[in-house]
Amino acid sequence: MTLHREGSTTITISTILFLIVSFVFYYFLFQAYPVIFWILEIALVVVFALIISFFRIPARNYTVDDAAIIAPCDGKVVVIEEVEADEYFEDRRIQVSIFMSPLNVHVNRNPVKGEIVYNQYHKGKYLVAWHPKSSTENERHSNVYRHSSGKEVLTKQIAGALAKRIVNYNEVGKKVNQNDEMGFIKFGSRVDLLLPLDATINVKIGDVAVGGVTVIARW
């Protein structure tokens, strides 16, 4: 397992704060209240470990399949429905939404191999990520991938109530590989996929998707 570069600043600041707070706990509590000291110190270690784990990149055998649309992130499938597209497309699409809790791996990956033909950041609100309107009203970053078949899929990285920073590495005209890093969202969020109506969906609501591994659909 490695740590993502987006976590370097957060981890550095957290380490410094951890050491300072630990020293304060030790100086004021260790001699007079050892039990309280250890309770607080253990709680501090748990919080620090959670922050570190948030930026983890676990070792995985990624699924490479040109006929498949792979999960762009870890999380639970919370929406599968036919919708009227509200961005880029002017037709109906199948929306598949994956909710990421703060405990999930938060690296986002390209679901298909292809060319980036649309790349747009949108300012917005910070509704909880499972809110029905989060797809259209929250801060988000959208990409459209054009597959070699000519078919296209749109992804939306959506900020949640805790997620205040979306990072996206793609740009229009860039040719990307399936499962390469699309970006990163900090501290809880959601990713939507808008797929062609003739796509065959391979998951159901409640399934736990593994980014870069789970086949969400097939062309």
Next item on the list: Would you check the accessible area of ILE51, probe 1.4 Å, heavy atoms only, in square angstrom rounded to 10?
Entry: 40
Notebook entry, point to check: Among residues other than ARG146 whose Cβ falls under 12 Å from its Cβ, what is the net charge (Lys/Arg +1, Asp/Glu -1)?
Noted result: +2
Note to self: I'd like the FRET efficiency for VAL47 and VAL208, computed as 1/(1 + (r/R0)^6) with the beta carbon distance as r and R0 of 30 Å, rounded to 0.05.
What the structure shows: 0.75
Item checked: Among PHE89, ILE57, SER8 - extreme Cα towards positive end, dipole of segment 1-127, charges at beta-carbon -> SER8
Next item on the list: For LYS175, go through the aspartates and glutamates and keep the ones whose alpha-carbon is under 15 Å away, minus same-chain ones fewer than eight residues off.
Entry: ASP66, GLU115, GLU152
Notebook entry, point to check: Using alpha-carbon positions, what is the distance between the centroids of segment 1-44 and segment 172-190, in Å?
Noted result: 32
Margin query: Contact order normalised by length for the chain, with contacts defined as Cα pairs under 8 Å and 6 or more residues apart; what percent is it?
Written below: 25
Next item on the list: Ratio to report: Rg/Rh of the chain, with Cα atoms as the point set and Rh obtained by the Kirkwood method; give two decimals.
Entry: 1.07
Check: For PHE28, PHE54, what's the largest-to-smallest order of accessible area, 1.4 Å probe?
Finding: PHE28, PHE54
Check: In nm, to one decimal, how far is the modelled label at TRP219 from the one at ALA67, with both set 7 Å along Cα→Cβ?
Finding: 1.1
Next item on the list: Let me know the charge dipole size of the chain about its Cα centre in debye, to the nearest 20, where only the beta-carbon of Lys, Arg (+1) and Asp, Glu (-1) is charged.
Entry: 400
Item checked: Magnitude of the charge dipole, segment 137-217, Cβ model with Lys/Arg +1 and Asp/Glu -1, debye to 20 -> 160
Next item on the list: Just order 175-186, 61-72, 12-23, 77-88 by mean Cβ neighbour count inside 10 Å, highest at the front, would you?
Entry: 175-186, 61-72, 77-88, 12-23
Note to self: Compute the angle between helix 34-54 and the longest alpha-carbon principal axis of the chain, please, reported from 0 to 90 degrees and rounded to the nearest 10.
What the structure shows: 20
Notebook entry, point to check: Lys/Arg Cβ at +1, Asp/Glu Cβ at -1, dipole of the chain taken about the Cα centre: which of PRO34, ASN119, ILE158 is farthest positive-ward?
Noted result: PRO34
Next item on the list: For an R0 of 41 angstrom, estimate the FRET efficiency from the Cβ-Cβ distance between GLU171 and SER22 and round to the nearest 0.05.
Entry: 0.45
Margin query: Rounded to the nearest 10 Å², what accessible area does ASP207 have for a 1.4 Å probe in the complete protein model?
Written below: 40
Check: Using Cα pairs under 8 angstrom and six or more residues apart, how large is the relative contact order of segment 1-110, in percent?
Finding: 27
Next item on the list: Would you mind telling me which residue in VAL35, VAL191, VAL167 has the biggest mean-square fluctuation in a Gaussian network model of the chain, where springs connect alpha carbons within a distance under 10 angstrom?
Entry: VAL35
Item checked: segment 1-117, Rg to Rh (Cα coordinates; Rh as Kirkwood inverse mean 1/r) -> 1.18
Notebook entry, point to check: With all protein chains present and a 1.4 Å probe, how do SER148, SER97 order by accessible area, largest first?
Noted result: SER148, SER97
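The values are calculated or read from the model by the stated rules, or taken from the named source; none is laboratory data. Not measured: the values here are computed from a predicted model. Cβ atoms come from the backbone with ideal geometry, glycine included; neighbour counts cover every protein chain shown. Side chains are part of the model used for accessible areas, which takes the heavy atoms of the whole protein and leaves out ligands, DNA and RNA. Shrake-Rupley method; radii C 1.70, N 1.55, O 1.52, S 1.80 Å.
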